[in-house]
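Note sheet for the following structure.
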Amino acid sequence: MILRDLSVCWTSLLVLTLVILSAMSSDAGDKYVSVDFEVFGNVQGVCFRMYTEAEGKKLGVTGWVKNTRQGTVVGQVQGPPEKVKEMKYWLSKVGSPSSRIARAEFSNERDISKLEIHGFGTRY
């Protein structure tokens, strides 16, 4: 009788542990963010895309970057919130050595459960 009660207790503990671990792994899946950006100023013809790609790879975020016909640079960044925050700072304040950033706009920021882009590249 005691062994059976002990077995039920351990089984209940195991089930509870699995439920907790499952809930934790679901929360852990929501640890990425995605954000679109547009950078204004003297950002074309100054290797801005190349440096953006290198900075993204250095930070370990994924995404893409592209010149526009309006003379701006647009793109998307995805990754852990802290790394995306660092990339947003770089895009708005640092840029390539020869660039002159007037402003950067960020839009469509959202939580994502997994990365939708692999690597960081330049689009044409």
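Can you confirm whether segment 62-71 contains a residue that is open to solvent by 70 Å² or more (accessible area, probe 1.4 Å) and either touching a residue at least 60 places away in the same chain (Cβ under 8 Å) or more than 21 Å from residue 117 (Cβ to Cβ) (or both)? Yes, segment 62-71 contains at least one residue that is open to solvent by 70 Å² or more (accessible area, probe 1.4 Å) and either touching a residue at least 60 places away in the same chain (Cβ under 8 Å) or more than 21 Å from residue 117 (Cβ to Cβ) (or both).
Residues being of a type in the set (S, T, N, Q) and closer than 13 Å to residue 32 by Cβ: count how many of those fall in segment 51-90. Number of matching residues: 3.
Taken together, 78, 44 contain a single residue that is in contact with a helix residue (DSSP H, G or I) (Cβ under 8 Å, 6 or more places away or on another chain) and either under 18 Å from residue 112 (Cβ atoms) or outside any strand (DSSP E or B) (or both), which is 78.
Condition first: surrounded by 24 or more Cβ atoms within 10 Å (Cβ to Cβ) and within 26 Å of residue 111 (Cα to Cα). Now tell me which residues in segment 43-60 satisfy that. Residues satisfying the conditions are 52, 56. Among the residues of segment 81-92, those that are closer than 14 Å to residue 117 by Cβ and touching a strand residue (DSSP E or B) at 6+ places or on another chain (Cβ under 8 Å) comprise 84, 87. Within the option set 46, 84, being in contact with a Leu (Cβ under 9 Å, 6 or more places away or on another chain), modelled with pLDDT of 95 or more and aliphatic (A, V, I, L, M) holds for one residue only, 84.
Taking segment 72-85 on its own, how many of its residues are open to solvent by less than 10 Å² (accessible area, probe 1.4 Å) and under 12 Å from the mean Cα position of the chain (by Cα)? Residues in segment 72-85 being open to solvent by less than 10 Å² (accessible area, probe 1.4 Å) and under 12 Å from the mean Cα position of the chain (by Cα): 4 in total.
The values are calculated or read from the model by the stated rules, or taken from the named source; none is laboratory data. Since we're looking at a predicted model, the values are computed, not measured. Virtual Cβ from ideal backbone geometry, glycine too; neighbours counted across all protein chains shown. Keep in mind that these areas ignore ligands, DNA and RNA; they rest on the heavy atoms of the full protein, side chains included. Shrake-Rupley method; radii C 1.70, N 1.55, O 1.52, S 1.80 Å.
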